[in-house]
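The values are calculated or read from the model by the stated rules, or taken from the named source; none is laboratory data. In this text, all values refer to a predicted model and were calculated from it rather than measured experimentally. Here the Cβ positions follow ideal geometry from the backbone for every residue, glycine too, while neighbour counts run over all protein chains shown. Heads up: the accessible areas ignore ligands, DNA and RNA and are worked out on the full protein's heavy atoms, side chains in. Shrake-Rupley method; radii C 1.70, N 1.55, O 1.52, S 1.80 Å.
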Amino acid sequence: RLSKQLGFEIESSTKERITASSELLTTIKQERISKEFLNLLVMDGFELIYKEYSSIFNTIIPEISTISNTKLKNTLNLLKILHNNHILRLAALFLYTDNNIEQFKQVALRLHFDKKTIKGVITLLKYAKTDLKPDKKSILALIREVNIQNVALLFAFKYAFYTIENKDTLTLAEIQALYQKEIDEITQMKVQNLSINISKIEEMGYSSADSAVIYETIKGKIINNELPNSENSLKPYILKHYKRS
């Protein structure tokens with residue numbers, strides 16, 4: 001990680017020793033491995049790091065070590081064109097493995113990934129190769145199931161997947177427009193019916209500037225179904241997570 005972050009080359013004999021000693025990683029705390037791995041995952045050129053140090057990644061995540069050369073090539077191409085987002089890139093690592101969702105769950109449990117990450121990756125793996133239905137009932141059902149934020153990630157992931165598989169991205173764009181229309185309507189409705197506003201936050205003892213920031217954050221979480229739209233629930237949440245100046 002440091003060599004890529006700071007832009008220096010690891011001396012060849014040291015690199016060989018790193019590879020030869022990769023099994024020692026099994027003695028390291030999983031939380032430490034998870035932190036370093038996720039930091040690497042969102043770096044520019046991660047696909048090159050993954051290819052160069054495959055023995056390291058195969059040691060800490062043996063579930064991804066058995067894919068064929070063809071599937072490995074697709075994985076590297078997918079990693080290359082995806083944004084520097086850990087949910088997108090985790091899904092890319094597991095997409096071409098057998099029983100990818102179950103294998104990811106094993107790794108997520110072992111490396112102590114947070115619930116938001118786990119749900120996001122499972123969503124991408126579940127729907128990446130599935131044709132999304134364009135009717136309103138199916139659209140609303142999917143939005144309710146995965147939440148709005150993950151819908152955006154899903155389309156980003158599907159565009160990358162369709163690109164490397166030479167599938168029709170034009171139809172995908174048309175379907176995304178239908179999903180976005182429904183999301184915009186849901187978002188507008190939720191914003192109009194928010195149970196809390198900036199004035200109510202100010203009444204809790206926060207400054208005008210802080211209240212505006214808190215409001216925008218809370219609004220986003222409500223839209224993404226991360227918080228309930230209930231004043232009785234939101235006020236204790238705000239007091240717990242935001243200090244009053």
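Quick notes on this one:
- Among the residues of the stretch 69-88, at least one is modelled with pLDDT of 90 or more, open to solvent by less than 90 Å² (accessible area, probe 1.4 Å) and farther than 23 Å from ALA152 by Cα.
- Hey, SER230 farther than 22 Å from GLU145 by Cα and among the hydroxyl-bearing types (Ser, Thr, Tyr) or not: no
- Some residue of the stretch 195-211 being under 20 Å from ILE148 (Cβ atoms), hydrophobic (A, V, I, L, M, F, W, C), open to solvent by less than 60 Å² (accessible area, probe 1.4 Å) and without any contact (Cβ under 8 Å) to a residue 24 or more places away in the chain: no
- From the list VAL151, VAL213, the one residue that fits, being among the β-branched types (Val, Ile, Thr) and over 28 Å from LEU82 (Cα atoms), is VAL213.
- Pair list, Cβ < 9 Å and 6+ apart or interchain, from the stretch 17-43 residues that are open to solvent by 90 Å² or more (accessible area, probe 1.4 Å) to residues that are part of a helix (DSSP H, G or I): GLU23/THR59; LEU24/THR59; GLU31/LEU111
- For the stretch 20-39, a residue qualifies if it is part of a helix (DSSP H, G or I) and among the small types (Gly, Ala, Ser), and the qualifying residues are ALA20, SER22, SER34.
- Residues that are touching a Leu at 6+ places or on another chain (Cβ under 8 Å) and closer than 14 Å to LEU88 by Cβ within the stretch 122-145 comprise THR123, LEU124, LEU125, TYR127, ALA128, listed in sequence order.
- Qualifying residue in the stretch 188-204 (condition: of a type outside the set (Val, Ile, Thr) and within 25 Å of ILE122 (Cα to Cα)): no
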